[in-house]
Amino acid sequence: QVQLVESGGGLVQPGGSLRLSCAASGIIFSIYSMSWHRQAPGKERELVASISRGGRTAYPDSVKDRFTISRANDKNTMYLQMNDLKPEDTAVYFCRGRYGASTYWGQGTQVTVDP
């Protein structure tokens, strides 16, 4: 059974930091392209960061220079370090794994940025 489990969300003040984790099981993690997505109330789900199985990363302009995606294949885990958080970063954050025709999503973790 494939599982992607996010953790690390919470409430933080503007300018603060959080590190999200996505623990994978039931897949050969190292061959999967991984990514973080977020969805705010009333908005479409959007890509936040991606990392290829070779370690190449990509970010949209909205989070570039603030967020850093990484992966530890020996731990079957992906991370998202989020710095200088803003109220507009408030959303449910999801991890996703893709390989070929297979795509898996986690259940999401809430991040709230509020004074």
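The values are calculated or read from the model by the stated rules, or taken from the named source; none is laboratory data. On a predicted model such as this, the values are computed, not experimentally measured, just so you know. Here the Cβ is made from the backbone with ideal geometry for all residues, glycine too, and neighbour counts use every protein chain on show. Calculation scope for accessible area: heavy atoms of the full protein, side chains included, ligands and nucleic acids excluded. Shrake-Rupley method; radii C 1.70, N 1.55, O 1.52, S 1.80 Å.
Computed quantities for the displayed model
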{"read-out": "Single residue of ARG19, ARG53, ARG71 found to be in a strand (DSSP E or B), among the basic types (Lys, Arg) and open to solvent by 50 Å² or more (accessible area, probe 1.4 Å)", "value": "ARG19"}
{"read-out": "The range 84-99: number of residues that are charged (D, E, K, R), outside any loop (DSSP other than H, G, I, E, B) and open to solvent by 40 Å² or more (accessible area, probe 1.4 Å)", "value": "3"}
{"read-out": "Residue within the range 100-115 that is over 22 Å from VAL5 (Cα atoms) and in a loop (DSSP other than H, G, I, E, B) present", "value": "yes"}
{"read-out": "Restricting the range 22-44 to residues that are out of contact with any helix residue (DSSP H, G or I) (no Cβ under 8 Å at 6 or more places or on another chain) and polar (S, T, N, Q), the residue that is surrounded by the fewest Cβ atoms within 10 Å (Cβ to Cβ)", "value": "SER25"}
{"read-out": "Test: residue in the range 58-67 that is exposed (fewer than 14 other Cβ atoms within 10 Å of the Cβ), closer than 20 Å to TYR99 by Cβ and hydrophobic (A, V, I, L, M, F, W, C)", "value": "yes"}
{"read-out": "Meets criteria (under 15 Å from GLN3 (Cβ atoms) and either open to solvent by 50 Å² or more (accessible area, probe 1.4 Å) or under 10 Å from the mean Cα position of the chain (by Cα) (or both)) for GLN81", "value": "no"}
{"read-out": "Among the candidates LEU4, LEU47, residue that is among the hydrophobic types (A, V, I, L, M, F, W, C), open to solvent by 70 Å² or more (accessible area, probe 1.4 Å) and either within 24 Å of THR103 (Cα to Cα) or in contact (Cβ under 8 Å) with a residue 12 or more places away in the chain (or both)", "value": "LEU47"}
{"read-out": "Every pair of residues 6+ apart whose Cβ atoms lie under 7 Å, when the first sits in the range 80-92 and is at positive phi and at pLDDT 95 or above while the second is open to solvent by 40 Å² or more (accessible area, probe 1.4 Å) and not polar (S, T, N, Q)", "value": "ASP84/GLY15"}
{"read-out": "Residues within the range 84-115 that are aliphatic (A, V, I, L, M) and under 12 Å from the mean Cα position of the chain (by Cα), tallied", "value": "3"}
